[in-house]
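Participant: I am attaching a structure below and will ask some questions about it afterwards.
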Amino acid sequence: MIRLILASRNPHKVEEIRAILGPGFHVGGLEDLGFRGDIPEPFHTLEENALAKARFVHEKFGVNCFADDTGLEVAALGGRPGVQSARFAGPARDDQANMRKLLEELSGSPDRMAQFRTAIALILNRKEYIFEGIVKGSIARGPAGQKGFGYDPVFIPEGHDTTFAEMEAAEKNRISHRQAAIRKLVNFLQDISASG
C-alpha cells in the first residue's frame, strides 16, 4: 500500500481524491498529521503553489506527499480568477461570494467559455513531479445543484447540460480536471510500484 499525505485541510477534496485513487493507496490529509495551520500560496501559477505546499509538508513532516492547486480560468475574464479562485471575492474563501462575483463580472457577456485546471505536485522519495489535468466547459447563468463544492454549481462541463453540482460524485470524478491530473499521478505511481 502506498501511503501519501494530501497537503489540504479540505475534507471534500481528500474524500474526492481518495475515491478517485481507490484501493492500493492510503491518502490522509493535514488533519491526520495534526496540522491545522495555513500553508502559504504566494505564487502566480498553479504549479508553483502546488509545489510550495508539497515542499512545506515534506520539509515539516518528512512524508511522501502531494498537493494540488486548482483554478477556474474564464476566457471573458482573461483567465481569471485562476490562481485566485478560492479568494476571488476576498480572503474568507467564501464559495457563495466567489460565485456571486463571478456571475456579476460575466453578466451580459455572451462568452461563457471556461476551464478548470488542476496542477498536482508530488514529492516521493525526495524527488519532485508535476501532473496537470484540464476540463473545458462553460459558466451557467446561475447556480444549480447541491453537490460538489467551490464553483461546481455554475460550471457545466463540455458535452453535458448539467453543472458539476448536479452530478453524482462518481460521474463528476470520471470527467473532472482533478481526475485527469490524478490519473496521470496514479499511472506514474503504479509504474514505479511495478518496477520497484
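Where a number appears in this text, it was derived from the coordinates with a stated rule and is not lab data. All of these numbers come straight from a predicted model, not from anything done at the bench. Neighbour counts run over all protein chains shown; Cβ positions are idealised from the backbone, glycine included.
Participant: Would you mind checking segment 1-32 for residues with the amide N under 18 Å from a putative spin-label position 7 Å along Cα→C-beta of PHE188?
Facilitator: Inside the label zone: 2-8, 17-18, 20-22, 25-28.
Participant: Taking the dipole about the Cα centre of segment 2-195, with the C-beta of Lys and Arg at +1 and of Asp and Glu at -1, give me whichever of PRO143, ILE192, LEU103 is farthest to the positive side.
Facilitator: In segment 2-195, that residue is ILE192.
Participant: Just add up the charged neighbours of LYS60: K/R +1, D/E -1, any other residue whose Cβ is under 15 Å from the Cβ of LYS60.
Facilitator: Values: positive: ARG9, ARG36, LYS53, ARG55, ARG126; negative: GLU31, ASP32, ASP38, GLU59.
Once positives and negatives cancel, what remains is +1.
Participant: While we're here: Could you compute Rg(Cα) / (2.2 N^0.38 Å) for segment 108-171, with N its residue count? Kindly include the intermediate steps, with their values, before the conclusion.
Facilitator: On the way: Rg = 14.8 Å, N = 64, 2.2 N^0.38 = 10.7 Å.
Compactness ratio reported: 1.39.
Participant: When each pair of different Cα atoms in segment 103-145 is counted once in the 1/r mean, what is the Kirkwood radius in angstroms, to one decimal?
Facilitator: Final number for the Kirkwood radius of segment 103-145 is 13.2 Å.
Participant: Report the local net charge at GLU48: Lys and Arg +1, Asp and Glu -1, summed over other residues whose C-beta lies under 9 Å from its C-beta.
Facilitator: On the way: positive: none; negative: GLU41, GLU47, ASP69.
Around GLU48, the surrounding residues sum to -3.
Participant: Quick check on my link table: of LYS101/LYS127; LYS127/LYS147; LYS60/LYS172; LYS60/LYS147; LYS13/LYS127; LYS60/LYS101, which ones sit more than 31 Å apart, alpha carbon to alpha carbon? Before the final figure, lay out the partial values.
Facilitator: Values: LYS101/LYS127 39 Å; LYS127/LYS147 36 Å; LYS60/LYS172 33 Å; LYS60/LYS147 34 Å; LYS13/LYS127 24 Å; LYS60/LYS101 36 Å.
In this structure, LYS101/LYS127; LYS127/LYS147; LYS60/LYS172; LYS60/LYS147; LYS60/LYS101 lie more than 31 Å apart at Cα.
Participant: Return an integer: the convex hull volume of the alpha-carbon atoms of segment 1-132, in Å³ per residue.
Facilitator: Working: hull volume 14.8 nm³, N = 132.
Taking the convex hull of the Cα positions in segment 1-132, it is 112 Å³ per residue.
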